[in-house]
Amino acid sequence: MQQVHQCIEHCHALLAQAQALVTSELEKFQEHLARCTMHCNDKAKDSIDAGNKELQVKLQLNNCVTKCVDDHRQLIPTMTKKMKESLIHWEIKVLASGHWG
């Protein structure tokens, strides 16, 4: 019974590591996107302070945020590939440990 308990604990720890990896990658992605949109907001505020018209500033802000989204959307396949590769290594580690199934 103790062996089963140890196996469950080991698998849970490995699963937590895998979940932490995915969470970390998603958090980095969100942080990068947030920084990009904050930069857009700063540019819009500077533009308003410079006396530009509201409609012009709104268009500039919209274009900047759209570019942020487009740029970051292109990063998703690479991020997904990185997570899949890491999870495959995690699965191999679990299988090699003999604590699966």
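Okay, here's what the table says:
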item: Viscosity 1.002 mPa s, 20 °C: Kirkwood-radius Stokes-Einstein D of the stretch 2-97 over Cα pairs, µm²/s; result: 130
item: Residue-count net charge about CYS40 - beta-carbon cut-off 12 Å; Lys, Arg +1, Asp, Glu -1; result: +2
item: 21 Å Cα cut-off, lysine pairs counted over the stretch 36-98 (separation 8 or more, or different chains); result: 10
item: Choice from HIS72, HIS39, HIS12 with maximal GNM fluctuation in the chain (Cα, 10 Å cutoff); result: HIS12
item: Choice from LEU14, LEU87, LEU59 showing the highest fluctuation, given a GNM over the chain with Cα pairs closer than 10 Å; result: LEU59
item: Contour minus Cα-Cα distance for ALA20 and THR78 (0.36 nm per residue); result: 19.1 nm
item: Cα-based helix-to-principal-axis angle, 54-73 vs the chain, degrees rounded to 10; result: 20
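Values quoted throughout were computed directly from the atomic coordinates according to the rules given, and no laboratory measurement underlies them. A quick note: this is a predicted structure, and the numbers were derived from the prediction, not measured. Here Cβ is always computed from backbone atoms with ideal geometry, including for glycine, and neighbour counts include all displayed protein chains.
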